[in-house]
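Heads up, the thing below is written out as structure tokens.
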Amino acid sequence: MVKSAHHPSRIVRLLVSCVAFATSACVVAAPRTVCLSHYALCSHAECAVDPKDNGRALCSCIQPGPNLNVGHSTCRERDDPEQTRAAFSLYDLARIHDKPALRAYHCTGKYRNHYARCLDAKCTPAAGKGTDASPKAAQCDCQLGRKPGDFYVMTADCGQPPEALCSKIWAAASREELEGERNSLVKYYAFPAGLEFCPEQR
């Protein structure tokens, strides 16, 4: 039993096949790989179109402390100190110190927009060290959707008007993707953080 990085009272239940933290070893649940490692998190990342490629977006992500995360890249790729990979974790879903738990905001209907897919994207972490409550930045090179679509972005403020929030380019995902990635992680936690959704905006 080891303590979760998300909250000092949460306990992570690792499978026997997930070995020592220092080796960033993982368990594989095809096609997703769960790692105990560094990684980049882009679920609340604002993005800008890459001036060199309008099919790519440069997104301002973060790099939380090492904790459980899931994606399709390898643990070794995520734990590279110079170029990590983006993955999903329960970090945004959990309240940590003064950091609120974030909820998923649905941009749909007339507020559909282009959004970036960042899972497994290559990311460059900033220099220095971050903390649980204040992770350091990481810039990620993400795929930008060619057409506007429905998406969910994580936010601490569900009261924002959709015309303000959804008009920006975000690193985002579908509801199915969010639920699928969370479900890949919850079995490792005694008390997993929940995935909550903002009330639908009209």
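Quick notes on this one:
- The set of residues from the stretch 146-202 being part of a loop (DSSP other than H, G, I, E, B) and out of contact with any strand residue (DSSP E or B) (no Cβ under 8 Å at 6 or more places or on another chain) comprises K147, D157, G159, P161, P192, A193, G194, P199, R202.
- Of the residues making up the stretch 84-123, those that are in a loop (DSSP other than H, G, I, E, B) and either touching an Asp or Glu at 6+ places or on another chain (Cβ under 8 Å) or charged (D, E, K, R) (or both) number 10.
- Tabulated pairs, the stretch 174-202, first surrounded by 14 or more Cβ atoms within 10 Å (Cβ to Cβ), second among the hydrophobic types (A, V, I, L, M, F, W, C) and assigned to a helix (DSSP H, G or I), C-beta under 8 angstrom, 6+ apart or interchain: P192/L185; P192/V186; L195/L178
- Only one entry in K147, K168 is at pLDDT 95 or above, surrounded by fewer than 19 Cβ atoms within 10 Å (Cβ to Cβ) and more than 23 Å from R85 (Cβ to Cβ), namely K168.
- For first residues located in the stretch 104-124 and in contact (Cβ under 8 Å) with a residue 60 or more places away in the chain, partners that are of a type in the set (K, R) and surrounded by fewer than 23 Cβ atoms within 10 Å (Cβ to Cβ) and lie 6+ apart or on another chain with Cβ distances below 9 Å form the pairs A104/R175; H106/R175; A116/R56.
- Contact map, the stretch 64-93: first residue touching a residue at least 12 places away in the same chain (Cβ under 8 Å) and buried (at least 20 other Cβ atoms within 10 Å of the Cβ), second residue small (G, A, S) and assigned to a helix (DSSP H, G or I), Cβ cut-off under 7 Å, separation 6 or more or different chains; pairs are V70/S184.
The values are calculated or read from the model by the stated rules, or taken from the named source; none is laboratory data. These numbers come from a predicted model, not from an experiment. Glycine also receives a Cβ, built like all others from the backbone with ideal geometry; neighbour counts cover every protein chain displayed.
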